[in-house]
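Colleague: Take this structure first; my questions come after.
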Amino acid sequence: MHVSRLAVGSVIANLLSGSALAGALEDCAAAYDRKDYAAALQPCLSLAERGDARAQLSLGGMYYNGLGVQQDYAEAAKWTRKAAEQGYTPAQADLGVLYWNGQGVQQDVVLAYMWLSLAAAHEPDAVRERDLAASQMTTDEIAEAQRLARDWKPTTPSP
């Protein structure tokens, strides 16, 4: 199974309010909507560094797809993980895919299943991906991944 679902959404348009952050948000979303990814990079990075999960995932997607930056799966995984660890469902699904494919992280089917399971609680597409992964795993691997998912707790935002 090779899954490729990491997409950069324009979810950025619904981020934070507040003067400085709102300005960065507006700049990030406007440049992204124009497909001017180089111009979107700085304001998105500014939000991501402040711990905004949606901006972190968008930045991860920019690195994954090489939009405005050199394609870099390790950097994509870094930013996607920061968002996933906060409990941001789309990031959890994307991180699961990165672990399954071994893109930017060492391939790990147990962690892939864990992240996809966490996302599956809120995102129907992740259910299909998780179940597809399960069809290629041992029962011990699935049990370990399920234990990890049960024990998982979100972290506070981190840049």
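Colleague: Tally time: how many residues in region 39-91 are of a type in the set (S, T, N, Q), part of a helix (DSSP H, G or I) and free of Cβ contacts under 8 Å to residues at least 24 places away in the same chain?
Modeller: Residues of region 39-91 that are of a type in the set (S, T, N, Q), as a first pass: 42, 46, 56, 58, 65, 70-71, 80, 86, 89.
Retained after the next criterion (residues that are part of a helix (DSSP H, G or I)): 42, 46, 56, 58, 65, 80, 89.
Pick out the ones that are also free of Cβ contacts under 8 Å to residues at least 24 places away in the same chain and you get 42, 46.
Total satisfying the criteria: 2.
The rows are residues; the columns are (1) small (G, A, S); (2) under 30 Å from R130 (Cβ atoms); (3) in contact with a Pro (Cβ under 7 Å, 6 or more places away or on another chain).
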position	(1), (2), (3)
D33	no, no, no
Y37	no, no, no
A40	yes, no, no
A55	yes, yes, no
K78	no, yes, no
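Colleague: Scanning for something surrounded by 24 or more Cβ atoms within 10 Å (Cβ to Cβ), under 27 Å from E141 (Cα atoms) and of a type in the set (D, E), does region 70-90 turn up at least one residue?
Modeller: Taking every residue of region 70-90 in turn, none turns out to be surrounded by 24 or more Cβ atoms within 10 Å (Cβ to Cβ), under 27 Å from E141 (Cα atoms) and of a type in the set (D, E).
Colleague: Keeping to region 126-157, report how many residues are exposed (fewer than 13 other Cβ atoms within 10 Å of the Cβ) and assigned to a loop (DSSP other than H, G, I, E, B).
Modeller: 6
Colleague: Name the residues in region 93-104 that are surrounded by fewer than 21 Cβ atoms within 10 Å (Cβ to Cβ) and in a helix (DSSP H, G or I), would you? Spell out how you get there, then give the answer.
Modeller: Residues of region 93-104 surrounded by fewer than 21 Cβ atoms within 10 Å (Cβ to Cβ): 101-103.
Once the filter is applied, which keeps residues that are surrounded by fewer than 21 Cβ atoms within 10 Å (Cβ to Cβ) and in a helix (DSSP H, G or I), region 93-104 yields only N101.
Colleague: Let me spell it out: the conditions are (1) modelled with pLDDT of 95 or more; (2) within 30 Å of D33 (Cβ to Cβ); (3) surrounded by fewer than 24 Cβ atoms within 10 Å (Cβ to Cβ), and E123 meets all of them except one. Which number is the exception?
Modeller: Here E123 meets the rest and fails (1).
Colleague: Then there is this: Give just the number: which of (1) surrounded by 21 or more Cβ atoms within 10 Å (Cβ to Cβ); (2) without any contact (Cβ under 8 Å) to a residue 24 or more places away in the chain does Q107 not satisfy?
Modeller: Going through (1) surrounded by 21 or more Cβ atoms within 10 Å (Cβ to Cβ); (2) without any contact (Cβ under 8 Å) to a residue 24 or more places away in the chain one by one, Q107 breaks only (1).
Colleague: Give the residues of region 103-118 that are farther than 16 Å from I142 by Cβ and either among the hydrophobic types (A, V, I, L, M, F, W, C) or touching a Lys or Arg at 6+ places or on another chain (Cβ under 6 Å) (or both), sorted by residue number. Spell out the reasoning first.
Modeller: Narrowing region 103-118 to residues farther than 16 Å from I142 by Cβ: 103-107.
Correct list: V105 only.
The values are calculated or read from the model by the stated rules, or taken from the named source; none is laboratory data. If you're wondering where the values come from, they're calculated on a predicted model, not measured in any experiment. Because the Cβ atoms are built from the backbone with ideal geometry, glycine has one as well, and the counts that use them run over all protein chains shown.
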